[in-house]
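J.: I have a structure I would like to understand better, so I am pasting it below and will then ask my questions one at a time.
The values are calculated or read from the model by the stated rules, or taken from the named source; none is laboratory data. All values reported here derive from a predicted model rather than from experimental measurement. Cβ placement follows ideal geometry from the backbone for every residue including glycine, while neighbour counts extend to all protein chains displayed. SASA here: full protein model, heavy atoms, side chains in, ligands and nucleic acids out. Shrake-Rupley method; radii C 1.70, N 1.55, O 1.52, S 1.80 Å.
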Amino acid sequence: MIQARNVNKYFYVPQELHALKDASLEVAAGEVVVIIGPSGSGKSTFLRCLNRLEYADSGEILIDGEDLLDPRAEINRLRAETGMVFQSFNLFPHKTVLENLVMAQISVRKRSRKEAEAKSMELLQRVGIGEKFGVYPEQLSGGQQQRVAIARSLAMDPKVMLFDEPTSALDPEMVGEVLDVMKDLAREGMTMVVVTHEMGFAREVADRVVFMDHGVVLEEAAPGPFFSAPSHERTIAFLKQIL
């Protein structure tokens, strides 16, 4: 489903930074891959390159066989296939919960309002906040807002879901309700790439755990061997600090 090969990304402000260094990752359909690593390791940049929120300077990124870096690519259509959930919820504050879900369905997926509203209500029920359809984001808790953001991405019928530290902005008691929704998605077979510091989620849900540092993919393995017997010395040092 995802093939990223030798991806390089540079930033030039305030000075040159080689943020991704030949980063490669393959994710099969229905697989859940968790990316971990220290702050500044390139995790979020890599994730943003997978739906071209950041444009990779070199390499190859294919989503379900389609070349994301092709200048002729229909980028809005391809982004609709790749849902993304950020650490900040990015909901439209002046729109109700229902409108937040409906807008892109009508403009990008070309659904009728009736069809878009029906799809939205079904998804809000699925993430456990169906009764909140008429309220505004500021009337919701952080966990509820993040569940709206997940439902909004799912409303586009994506082939892949990308999560960029989706619980890092939440109060501790709200983390579980968001992780539960993500676990349900994993059980239902959604292809997911998740950048997170939630090691319990990685152990329980991931098919593979990937460790990045300084823009390089240093190690990847199934959760069991990754946490019990990591092979790279940088991975060992990192896990000792956080576990």
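J.: Residues in the range 71-91: is at least one open to solvent by less than 70 Å² (accessible area, probe 1.4 Å), hydroxyl-bearing (Ser, Thr, Tyr) and over 24 Å from GLY42 (Cβ atoms)?
T.: So far as the range 71-91 goes, no, none of its residues is open to solvent by less than 70 Å² (accessible area, probe 1.4 Å), hydroxyl-bearing (Ser, Thr, Tyr) and over 24 Å from GLY42 (Cβ atoms).
J.: If a residue has to be assigned to a loop (DSSP other than H, G, I, E, B) and surrounded by fewer than 17 Cβ atoms within 10 Å (Cβ to Cβ) to count, how many in the range 175-191 make the cut?
T.: Matching residues across the range 175-191 total 2.
J.: Residue by residue through the range 192-224, note down the ones that are out of contact with any Lys or Arg (no Cβ under 6 Å at 6 or more places or on another chain) and either among the acidic types (Asp, Glu) or open to solvent by 70 Å² or more (accessible area, probe 1.4 Å) (or both).
T.: HIS197, GLU198, ARG203, GLU204, ASP207, HIS214, GLU219
Table: residues versus (1) more than 21 Å from MET182 (Cβ to Cβ); (2) at pLDDT below 95; (3) outside any loop (DSSP other than H, G, I, E, B).
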position	(1), (2), (3)
LEU101	no, no, yes
ALA104	no, yes, yes
GLU122	no, no, yes
GLN125	no, no, yes
GLY134	yes, no, no
ILE150	no, no, yes
LEU162	no, no, yes
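J.: All but one of (1) within 21 Å of ALA186 (Cβ to Cβ); (2) β-branched (Val, Ile, Thr); (3) touching a residue at least 40 places away in the same chain (Cβ under 8 Å) hold for ILE129; state the number of the condition that does not hold.
T.: (3)
J.: Within the range 136-146, can one find any residue that is under 13 Å from the mean Cα position of the chain (by Cα) and either closer than 18 Å to GLY83 by Cβ or assigned to a loop (DSSP other than H, G, I, E, B) (or both)?
T.: Yes.
J.: Take THR167 and tell me if it is open to solvent by less than 40 Å² (accessible area, probe 1.4 Å), at pLDDT 95 or above and not aliphatic (A, V, I, L, M).
T.: No; evaluated as a whole, the condition is false for this residue.
J.: Mind checking whether some residue in the range 100-119 is of a type outside the set (Asp, Glu), farther than 20 Å from ARG79 by Cα and open to solvent by less than 40 Å² (accessible area, probe 1.4 Å)?
T.: No, every residue in the range 100-119 fails to be of a type outside the set (Asp, Glu), farther than 20 Å from ARG79 by Cα and open to solvent by less than 40 Å² (accessible area, probe 1.4 Å).
J.: If I go through the range 159-213 residue by residue, how many of them are of a type in the set (Asp, Glu) and in contact with an Asp or Glu (Cβ under 6 Å, 6 or more places away or on another chain)?
T.: Number of matching residues: 1.
J.: Still on this structure, I have one more. Kindly evaluate PHE211 against the criterion of being in a helix (DSSP H, G or I), at pLDDT 95 or above and touching a strand residue (DSSP E or B) at 6+ places or on another chain (Cβ under 7 Å).
T.: The answer is no for PHE211.
J.: Within the range 47-69, how many residues turn out to be part of a loop (DSSP other than H, G, I, E, B), surrounded by 16 or more Cβ atoms within 10 Å (Cβ to Cβ) and in contact with a strand residue (DSSP E or B) (Cβ under 7 Å, 6 or more places away or on another chain)?
T.: Count: 6.
J.: Follow-up. Go through (1) among the aromatic types (Phe, Trp, Tyr); (2) in contact (Cβ under 8 Å) with a residue 24 or more places away in the chain; (3) more than 30 Å from LEU140 (Cβ to Cβ) and name the single condition PHE11 misses.
T.: Of everything listed in (1) among the aromatic types (Phe, Trp, Tyr); (2) in contact (Cβ under 8 Å) with a residue 24 or more places away in the chain; (3) more than 30 Å from LEU140 (Cβ to Cβ), PHE11 misses just condition (2).
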